[in-house]
Amino acid sequence: MAYLDAASTEPLHPAAREALLATLDAGWADPARLYGTARRARLLLDQARAEVAGVLGARPDEVSFTSSGTQAVHLGVLGTLNGRRRAGRRLVVSAVEHSSVLHAAQVHERDGGTVETVGVNLFGRVSPAAFAAAVAEPGTALACLQTANHEVGTLQPVAEVAEACQQAGVPLLVDAAQSAGRLPVPPGWSVLAASAHKWGGPAGVGVLAVRKGTRWRSPYPEDERENRRAPGFENVPAVVAAAAALRARAAEEATESARLSALVDRIRAEVPRRVPDVEVVGDPVERLPHLVTFSCLYVSGETLLTELDKEGFAVSSGSSCTASTLRPSHVLEAMGVLTQGNVRVSLPRGVSAGDVDRFLTVLPDIVRRIRKSLGVQ
Amino acid sequence: MWRRKPPPQSTTGPQHAADGLADHQARPKNDASLTIDALGRKCPIPIIMLADQINSVGLGAVVAVLADDPAAVTDIPAWCRLKSHEHVASYDLPQGGWSIHVRRKY
C-alpha cells in the first residue's frame, strides 16, 4: 500500500521506535518519586522536554506534555481564557482552525463567552488586517491561529498576526500541529500546541507550551504533574520517543521537506493536466511541504477514496459523503472551494517518487470511470 | 465549528457567508427560466443535473437548483466560478434546503 495520509498520522520514525523500546525498560518508573529508577525516568523526561523545547523555540519550563495534540489545544484555549477572565470573554479564531480549537470555542460560548470567527480567502488564508482588527476589539481574551491548515496546506500569516496581538496585548495561541518538525515554528506565540504523531512520534503525546508571563489557569481539577498544566502520570517512553522523532525530523527537515515539496509541486501540476474539471485548492507557494488537496467535479469523494484504496492508495477527503456528519469539511466551506470529489494527499517522510508517479497514473482512469458510471461524459 | 447558519435561523433577512461568495437571502426571487429539483439528491448529483441542463435555457437566463445536500451550497457557486457562469444568489427554502440561482453566461 502507498500511504499518502501523513497529515492524519505520520508513520513512526525509526529514531522514535528505537527510543521507545529503550525507554520502556529504562523509563517506566514514576518521575515524581525520589529513588534511583524514578530519578532516571525524571531525567529522561526532562531531557526530552529540553529537546522538544529547543526545536519548538520554547524554554523547557514552558513546555508540558499532554496526552494528545487535541488535549494540548483544549487546555491551551480554555486555560488561557480562564486565566484572562478579567481581561474579557472574547475569543478570536480563524474559520479554518482544527476542530479541536473550534470545539473548545463552542465550550467557551456555552459558558457565556463570545467567539469571533475571522474568514479566509480562496486559498484558505486569513487577512492579517482583518485578524488584527478582530483582535483589537476591547474585551478580547485570546486569539487562535494555526501555523498551516491541516486540510489544504496553506500557511497562515502567524508572524504578522502575532505582532498585532502583541500590540493589542492579547495572547496568541498558535496551533502548530501540522507544521512542527516540518517547518520552523514562527515567532510571537504566547501559547503553542503540537502533536507528536504528526511528526513521526507515537500517538498519545501532545505538547502545550505557555510563554512565561502568559496568564493561564487549568480548566481541570488541580494536578501537580507537568508544571500543573496537564493532568496524569506522564508516558515517559512515548515522550522520549516523541522527542527523538522531533530531533531527527528537524535534522532532516531541509533535505526531506524540499524533496516532498517538489513531489507536491508535481502533483499540483500534473493532476489538472491529466484530469479534466479538477480544482487544486490551497496556496501553491506559501504552503506546507508535504500536503496537497484537490477536488474533482462530478465525483463523489467516498467513491473516489474507495477506488483509490482498491488501487492501494491511502488518502483522505473533506467531501461531505466521507464525513460522519454528512457535511463537507468546514475548511473547504469557509474557503468557498469545490467540496465534491475531494482528495487530500499528504506525503510521509521517505515516500518514493514512484508511488507518486503511480498515483498520477491511476487517478485519471479512476475519475473517468466514476464519472462514466454517473452518466457524465 | 464554523458553519453556515442553517435555514431556520436565517429567515430574517439577507446574509453573507464568511467567504463572501454565497449571498443568502430569505425569499427566492422569481427570476428562473428553469427549476431543477435536486431535493433529496446527494452530491455530486445536483451539479451533474445542473451541468446537464444549463444549456437548455437561453444565454443570460437563470436556472434555479433546489437542493438540500449542504455540499450544494458551496459546490454550485464553486462550479460557477470554475465554469465561468454566474452565481446569482442562494435562497433558503422554508421546508429546508436552498434554491441556488445560476445565470448562463455562454
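Just a few scattered comments:
- Under the condition of being more than 14 Å from chain B (Cβ to nearest Cβ), open to solvent by less than 20 Å² (accessible area, probe 1.4 Å) and of a type outside the set (A, V, I, L, M, F, W, C), the residues counted in region A:288-326 number 3.
- Residue in region B:52-65 that is more than 10 Å from chain A (Cβ to nearest Cβ), in contact with a Pro (Cβ under 9 Å, 6 or more places away or on another chain) and under 29 Å from residue A:323 (Cα atoms) present: yes
- Residue check for residue A:33: assigned to a loop (DSSP other than H, G, I, E, B) and among the charged types (D, E, K, R): yes
- From A:181, A:119, A:169, A:124, residue being touching a helix residue (DSSP H, G or I) at 6+ places or on another chain (Cβ under 7 Å) and surrounded by fewer than 23 Cβ atoms within 10 Å (Cβ to Cβ): A:119
- Residue satisfying all of: in region B:66-106; within 14 Å of another protein chain (Cβ to nearest Cβ) and of a type in the set (Asp, Glu); nearest to residue B:39 (Cα to Cα) among these: B:68
- Qualifying residue in region A:192-210 (condition: in contact with a His (Cβ under 8 Å, 6 or more places away or on another chain), open to solvent by 30 Å² or more (accessible area, probe 1.4 Å) and either in a loop (DSSP other than H, G, I, E, B) or over 22 Å from residue A:86 (Cβ atoms) (or both)): yes
- Among (1) open to solvent by 10 Å² or more (accessible area, probe 1.4 Å); (2) closer than 19 Å to residue A:230 by Cβ, the one test that residue A:151 misses: (2)
- There is at least one residue in region B:87-95 that is in a strand (DSSP E or B), open to solvent by 10 Å² or more (accessible area, probe 1.4 Å) and of a type outside the set (D, E, K, R).
- Some residue of region A:328-351 being facing another protein chain (nearest Cβ under 10 Å) and open to solvent by 30 Å² or more (accessible area, probe 1.4 Å): no
- Cβ pairs under 8 Å, 6+ apart, first in region A:224-242 and in the same structural domain as residue A:26 (by TED's automatic domain parsing) and more than 17 Å from residue A:20 (Cβ to Cβ), second among the hydrophobic types (A, V, I, L, M, F, W, C) and surrounded by fewer than 18 Cβ atoms within 10 Å (Cβ to Cβ): A:224/A:32; A:225/A:32; A:225/A:233
- Pairs, first without any contact (Cβ under 8 Å) to a residue 60 or more places away in the chain in region A:198-221, second surrounded by fewer than 22 Cβ atoms within 10 Å (Cβ to Cβ) and assigned to a loop (DSSP other than H, G, I, E, B), C-beta under 9 Å, six or more apart: A:221/A:231
- Scanning region A:92-116 for residues that are open to solvent by 10 Å² or more (accessible area, probe 1.4 Å) and either β-branched (Val, Ile, Thr) or assigned by TED's automatic domain parsing to the domain that holds residue A:329 (or both) yields A:107, A:114, A:115.
- Boolean, residue A:280 is outside any helix (DSSP H, G or I), touching a Lys or Arg at 6+ places or on another chain (Cβ under 8 Å) and within 14 Å of chain B (Cβ to nearest Cβ): yes
- With respect to the conditions (1) surrounded by fewer than 24 Cβ atoms within 10 Å (Cβ to Cβ); (2) within 12 Å of chain A (Cβ to nearest Cβ); (3) in a loop (DSSP other than H, G, I, E, B); (4) of a type outside the set (Lys, Arg), residue B:40 lacks only one, and its number is (2).
- Residue A:160 being acidic (Asp, Glu), buried (at least 22 other Cβ atoms within 10 Å of the Cβ) and in the same structural domain as residue A:238 (by TED's automatic domain parsing): no
The values are calculated or read from the model by the stated rules, or taken from the named source; none is laboratory data. No experiment lies behind these values; they were computed from the predicted model shown. Glycine gets a Cβ as well: all are built from the backbone with ideal geometry, and neighbour counts include every protein chain shown. Accessible surface areas use protein heavy atoms only, side chains included; no ligands, DNA or RNA. Shrake-Rupley method; radii C 1.70, N 1.55, O 1.52, S 1.80 Å.
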